[in-house]
Structures are given as structure tokens and as C-alpha cells.
1. Would you be able to tell me the number of residues in segment 1-19 that are more than 21 Å from residue 43 (Cα to Cα) and among the polar types (S, T, N, Q)?
2. Which pairs turn up if I take residues in segment 42-57 that are on the phi > 0 side of the Ramachandran plot and look for partners that are modelled with pLDDT under 85 and surrounded by 12 or more Cβ atoms within 10 Å (Cβ to Cβ) with beta carbon separation below 9 Å, at least 6 apart in sequence or on another chain?
3. Are any residues in segment 79-126 polar (S, T, N, Q) and either under 18 Å from residue 34 (Cβ atoms) or open to solvent by less than 50 Å² (accessible area, probe 1.4 Å) (or both), and if so, which ones?
Amino acid sequence: FINAWVTALCPRTVFVTEALVEELDPTPDELALCIGHELGHLVCGHTEDRIYLKAMLAYAELILLAFLDPTGLLTLLGAMGFQNTAELFLAKYSRDNETEADATGLKIAALACYDVRRGTHFMRKLSEATGSRPTSWWATHPATEDRYADLR
């Protein structure tokens, strides 16, 4: 599958799938933008923020359900509703992180002397390969076409 990601735990590593390289055949400028995007997640602390945010939401859920339903009868329904609300919140937060990582990655690639004007074509290739669809409330990434327009 076409993908790239970064691990926030030691060792901090950027992964790029063979499918991304083989199917998209990125130029060095495009690959620099892709890797810069993943490094942008590290620089901006997105993974750590998400771990912290999920923990805070879990604690809020426990406290809320303990006070609203000490008997536990409605806990299952309440937990399901809370989880859906939390997922909507996290999806929006994730889309914002992706946009920030795009901008940061662009700066990283530019500082490394790659031609970011050419690199932005990577988003167009990605959109063509994966199929562009409008961003939904549940989506964790903005629509690829929107990302391409923002980077241009």
C-alpha cells in the first residue's frame, strides 16, 4: 500500500513503503517533500500530542461516566456516545496536524535545498494513485487535492 509514516518512539524513524516508491516513482524533490512532511510530524510533536490528548479524553470519559451513572446501567451507551464524539474531535485535530506537517515539511525540504515547487507535484501523483475524495468529518487527512492546492 502507498504510505509513509514516522515513529515517535525511539528510534525515531521515517518509513516509506516500496509501493509508494514503485507506483508513484517520486523525483528526489517529491521524495524530499514526503519525508519532510513526516519529519514535520516529529518537529511539531504530533504523535506525543495525540497520545496525551487520547489519555485526557479517556480520563474525562471515566470521570463523566462515574458521575453520570454510578450504577453502571447506562455506561455502555454513554461510552459509545463519548467515543464517537472523541473520534470526531480527534479526526479534526489530525487533519489540522496533517496541514501543519505539510507546511513544515515544505520548509524542511526547502532548507535542504530541494525544489519544493516541483515537490508539490507529489500530492497530485498521490491523489491520482489513491483517488481523491472530499474530506469527511471522520477523515484523519485532508483531501489530497486540497493539500496540493495549499502547498502550491
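The values are calculated or read from the model by the stated rules, or taken from the named source; none is laboratory data. Predicted, not measured: the structure shown is a model, and the values here were computed from it. Virtual Cβ from ideal backbone geometry, glycine too; neighbours counted across all protein chains shown. SASA here: full protein model, heavy atoms, side chains in, ligands and nucleic acids out. Shrake-Rupley method; radii C 1.70, N 1.55, O 1.52, S 1.80 Å.
1. 1
2. 45/8
3. 94, 97, 99, 104, 120
Conditions (1) closer than 25 Å to residue 127 by Cα; (2) open to solvent by 40 Å² or more (accessible area, probe 1.4 Å); (3) modelled with pLDDT of 80 or more; (4) in contact with an Asp or Glu (Cβ under 6 Å, 6 or more places away or on another chain), marked per residue:
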{"site": "40", "(1), (2), (3), (4)": "yes, no, yes, no"}
{"site": "62", "(1), (2), (3), (4)": "no, yes, no, no"}
{"site": "70", "(1), (2), (3), (4)": "no, yes, no, no"}
{"site": "75", "(1), (2), (3), (4)": "no, yes, no, yes"}
